[in-house]
Structures are given as C-alpha cells and as structure tokens.
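Encoded as structure tokens, the structure appears first; notes follow it.
Throughout, read-outs are computed from the coordinates displayed, never taken from laboratory work. Owing to the predicted nature of the structure, the values given are computational and were not obtained by experimental measurement. When we count neighbours, we look across all protein chains shown, and the Cβ atoms used for this are built from the backbone with ideal geometry, even at glycine.
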Amino acid sequence: MTEEPLHFEQALQQLEETVQQLEKGELNLEQAMDTYERGVKLVQQCQQALQQAELKMQTLAQALENEPETS
C-alpha cells in the first residue's frame with residue numbers, strides 16, 4: 001500500500017515533529033532508525049515540492065517576459 005503524498009505544509013510539519021522526536025533521544029535504536037527513515041522520505045517530498053514550485057515560477061516568469069507589451 002503506497003501512501004498518498006502530503007501537501008508541502010503537512011510534510012514540513014511532520015518533518016519538524018520527526019526531528020523533535022529524534023532530538024529527545026528517548027527512542028530505542030529500532031524506533032530511531034524507523035523515525036529517521038521517515039524523516040528522510042519527508043525531506044525528499046519537501047524538496048520535490050519546492051522544485052516543482054520553482055519550475056512553475058520560472059515558467060510563469062518566462063511567459064510574462066514573452067508577452068508583448070500593451071500600451
């Protein structure tokens with residue numbers, strides 16, 4: 001079963017919570033490894049969302065540059 005991707009804000013919030021859990025140092029090794037793995041996946045998801053947003057912004061900026069000026 002694959003998880004549905006989270007919205008950027010949701011993934012970032014979960015990543016912050018994951019970091020806090022790891023920083024507490026209260027997890028056993030197995031739990032810490034699982035939590036770290038989840039954190040890595042969240043980082044990747046956030047990076048992908050940011051890359052997509054950046055690409056969209058670049059595309060929009062180029063479209064504006066290519067529009068003829070109206071006076």
Considering each residue of segment 1-50, count those that are surrounded by fewer than 12 Cβ atoms within 10 Å (Cβ to Cβ), assigned to a helix (DSSP H, G or I) and of a type in the set (S, T, N, Q), and give that number. 3
Given the residues Q58, Q47, which is the only one that is under 19 Å from E4 (Cα atoms) and either out of contact with any strand residue (DSSP E or B) (no Cβ under 6 Å at 6 or more places or on another chain) or of a type outside the set (D, E, K, R) (or both)? Q47
